[in-house]
Amino acid sequence: MSAAPPLIEAIRLAKHFGGIFAVDHLDFAVHEGELVGLIGPNGSGKTTTINLLTGHLRLDGGGVRVRGHAVGGLPASGFAGLGVGRTFQITQLFSRMSVLENMLVPGLARPRAHREAVVREARRHLEFLGLAALENLAAKNLSGGQQKLLELGRALMLEPKILFLDEPFAGVNPYLRDEIIRFVQTLHADGRTFVIVDHDLDAIQRLVHRLVVMSRGKKIADGPLAAVRENQDVIKAYSGT
Amino acid sequence: MLDYILIQAANGLVIGVLFALIATGLTIIFSILKIVNFAHGEIYMVGGYFGYYVITLLGVPPFPAVFVAMALTFLFSIGIERGLLTPLYSPSIERKADYGILITFGLSVFLRNIAIIIFGPFPLRPPSFLEGNLVIGGLIVSDDRLVAAGGGILLLAGLIYFLNRTVWGQALNAVSQSRESASIVGINSERMYMLAFGVGGALAGGAGALIAPIYSLSPSMGLVPDTQAFVIVILGGLGSVSGTIIAALVLGLSENLFIALLPDPSRGPSYANAFGLFIMMLVLLFRPTGIFGRQHVAMD
Amino acid sequence: MRRLDLALGALLAVFAAIFPLLVNAYWLHVMIIGMMFAIMAASWSLLAGYAGQFSFGHMGFVAVGGYTAALLATDLGLPLPLGMLAGVIASALLGGVIGWTCLRMSGPYLAIFTMAFSEVLRIIIVTEVEVTGGAGGMTVPQLFHAPTDFPYYYLILALLIVSVGGMMLVVASRWGLFFRAIRENEQAAAAAGVKVTRFRIIAFAIASSLAGLAGTFYAPYIGILTPDVASQDQMGLVVAMAIVGGMESLPGAVAGAIAVEFLVEALRSYGQWRLVLFGALLLFTMRFARNGLLAPGWFRLRGLVAPRAAGLGPEAAD
């Protein structure tokens, strides 16, 4: 294990809605180069955790560090600027803008970005994702699967060090699912860190090395895939006892 | 001095009841159709004129005329809903919230201007409900105001009964909470939208007819209630009927007291409206969805 | 197509330059008013159409610009151009402040808040009679002392070209992309690294400074400034112009403003009916032609003309 600080770290992270803790003092660290799965039954706080770790929700307690530096009150755009990318449970695109324009927004939002270079880079990513031919199509006219890939591409334009994928396999046909798994593996091999939230345990197990399980806002398991699978607490959480 | 304050407070409560009618209509429309009706003040104005013409052309006595005016306003509102608002329900229209804002804003401008042509620019005043005043010690309140407040309270009570005890009312409640669930249970949403807009408009129209003998009718009389209604629903919460009623009473009272207590009599009335608006702006600053409001769900 | 565009542009430029010589004083006045409204409509279109911020307080900024310039000129004796500059700066600053206060508001809440802002401003102007002349208005000194309106015409033409040209440059730049992203999906824009806060404030500041600019021109040109300039009816007029012209087209908003202004004047003999007419026009356009009438109409026209343009030269082939 390297001595470098984790790429992103949640320290006693807390968020409550009404009287309930959606995220209950969570400690969670991701190091560079990892491929982590974050799973748990519905309502366990997975998406809330991602929202807290990417600046989309304000913390009610605890802190977030990126490479050792505290980034508590940073807005979502700030996290994006630090190289923390994410996709959403329900695809969030710029519907009436073209596919290329969707890619240009994050590209040009980076400081000192030059248009020609950004356009070239966008086309490269679109090529990789198989969307190159759809460049001028309005995003709302893409199929559901294509929209998911576009959202991934948009996150890639941030030159992210870490990518949080929120239910990338939700409602996706088996062919696209395999495609997404291949994309993630390729991108991971290129040096990117991933945290993937999903309910598709099959896909998760094919991808990840480490599994973190949440239940009712707390972390109940965190370790290598094989070990966690055997964990009694995990089995109990999923079977609802 | 105390008498003056009491009179102003009493007037404030009367105004508060009528504001409550208007604002409740706005809140119902928002709950069901998920749009802010920028033409609400103009529907109030139209209702007032309906009342006037029903009295003068059809010879209906003043108090029953209010209910006839409400019925006419109900139909008028449904006409607006069918003519202009149906795109809100079709899946192919984008940016529904924007459409709702712009079309009702455009409607308000249109109604204001056409009212000048149809009704003439000069104020009209329908006959009083009841001549005379109620005098208790130093407190003097005109009987018209009492009737208006009484009518208003009657209508509000009727509305609350309607929403909680009748099938239609409960259906409206269901749709306001979840359109999909309501349709699964067999509630026809399109009919609910019509009903909601009709009821909301009728309430405003009723307020217009009730207030007409007191303040007279003019084509631009909808402008102030427009903004006041917004203040109220923001304070009381877009979508909350009880919050709206409370906020309306509080606002009516406090604005009139503000006038009473402000040392400068020439500025008082003018700034009373600004006062309410200013409070609303402050509320929106700290609680962008109002004091009691639920998070408003976008139409799409 | 480029040959056609250049030809049309040149024609328009010549027409604009000699326009005062082509018409009588009355229609020149109408055109000047139209161009002034064009700045208001185009800047509103930038804020509402491009950046998605539906502000009904736009006319409040026109009033701020106008009254600032007028008050500085009459009360402090400042030369009018300086007062006008102050008016623009005041609107820009206030616009930025309003944009900042509205950051957590969206859709109808923003509309209500900005409408309230405009109303509060109007009420203050009406009530503080000693300072502003109240509802009766205040007289404003003239900018030019020429026998005709020619100097005003060329001034507003220059202001129009600079402001709309500037806005079009912004829209074509990455800022334009960010505005549209914010309009489309604010959450996604933030996740994409767009500094939403900054750009919403910038959009407000740009739009309000140009509204203020129009106001600073309005005051000396008309010679009298009343609080009605900040009324919701005036706001409705500007909204109608932007919508008829096409909400996402800045040249469309300009064309819409000029067209509506000419229409309003041409129908002057109908009195109150013309306001009803344009109200109906607004409703009709919103209901059935949401992208406006003029901008889509123009594109269709170009599509018809294009086949003929192919015969003009090899570069017309795109």
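Each value in this text was obtained by applying a stated rule to the coordinates, not by laboratory testing. Quantities reported herein were computed from a predicted structural model and do not represent experimental measurements. Note that each Cβ is placed from the backbone with ideal geometry, even for glycine, and that neighbours are counted across all protein chains shown.
What the table below lists for this structure:
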quantity	calculated
At least 24 Å along the helix axis (C-alpha) and Kyte average at least -1.0, DSSP helices within chain B	B:2-33, B:40-58, B:62-80, B:96-119, B:143-165, B:189-215, B:241-261, B:268-286
Kyte-Doolittle at least 0.5, axis length at least 20 Å by Cα - qualifying DSSP helices, chain C	C:2-22, C:25-45, C:58-75, C:80-101, C:107-127, C:150-172, C:196-222, C:250-266, C:272-288
Low-density loop positions, trypsin sites (Lys or Arg not before Pro), region A:76-176 - DSSP coil, at most 14 other Cβ in 10 Å	A:ARG112
Neighbour net charge for A:ALA109 - beta-carbon separation under 10 angstrom, K R +1, D E -1	+3
Lysine pair count for the protein assembly as shown [Cα-Cα under 18 Å; pairs on different chains or 8 or more apart]	11
Dipole of the protein assembly as shown, positive direction: furthest Cα of A:VAL213, A:VAL23, B:ILE259, with charges on the beta-carbon	A:VAL213
Viscosity 0.692 mPa s, 37 °C: Kirkwood-radius Stokes-Einstein D of region C:24-76 over Cα pairs, µm²/s	255 µm²/s
For B:GLY198, net neighbour charge (Lys/Arg +1, Asp/Glu -1) across residues whose Cβ lies under 12 Å away	+1
For region A:163-234, alpha-carbon Rg over 2.2 N^0.38 Å	1.14
Gyration tensor (Cα) of region C:149-306, equivalent ellipsoid semi-axes in angstrom	28, 22, 17
For chain A, alpha-carbon Rg and Dmax in angstrom	17.7, 57
Charge context of C:ASP228, other residues only, Cβ under 14 angstrom, K/R +1, D/E -1	0
Chain B: C-alpha pair distances exceeding 27 Å, %	40 percent
Unit charges at the beta carbon, dipole of region A:64-131: most positive-side option, A:VAL66, A:SER95, A:SER77	A:VAL66
Calculated from backbone phi, Karplus (6.51, -1.76, 1.60) coupling profile of region A:12-26 in Hz, x at Gly/Pro	6, 5, 9, 8, 10, 10, x, x, 9, 7, 6, 10, 10, 6, 8
Near-label residues of region C:17-57 by backbone N, under 12 Å of a point 7 Å along Cα→Cβ of C:PHE150	C:18-22
Residues with amide H under 5 Å from that of B:LEU134, placed H, sequence gap 5 or more	B:VAL141, B:SER142, B:ASP143
Ranked list, fewest to most other Cβ atoms within 10 Å of each Cβ, for C:TYR270, C:TYR218	C:TYR270, C:TYR218
Angstrom value of the Kirkwood radius, inverse mean 1/r, which spans all Cα pairs in region B:125-278	17.9 Å
Amide proton proximity set for A:LYS218, modelled H, under 5 Å, gap of 5+	A:ASP24
Region C:204-294 - convex hull of alpha carbons, volume per residue in Å³	113 Å³
Principal-axis tilt of helix A:115-129 within chain A, Cα atoms, nearest 10 degrees	60 degrees
Kirkwood hydrodynamic radius over Cα pairs of region C:2-317, then Stokes diffusion coefficient at 10 °C and 1.306 mPa s, in µm²/s	78 µm²/s
Dipole magnitude of chain C about its Cα centre (Cβ charges: Lys, Arg +1; Asp, Glu -1), debye to nearest 20	960 debye
Residue among B:SER220, B:THR27, B:SER178 farthest towards the positive dipole end of region B:2-222, charges placed on Cβ	B:SER178
Kirkwood Rh, Cα atoms: Rg over Rh of the protein assembly as shown	1.01
Computed helical MRE - 222 nm, the protein assembly as shown, DSSP H runs ≥ 4 contributing -39500 (n - 2.57), nearest 500	-21000 deg cm²/dmol
Gaussian network model of chain B, springs between alpha carbon atoms under 10 Å - residue of B:ALA69, B:ALA260, B:ALA39 with greatest fluctuation	B:ALA260
Packing-based exposure ordering (other Cβ within 10 Å, fewest first) of B:THR227, C:THR226	C:THR226, B:THR227
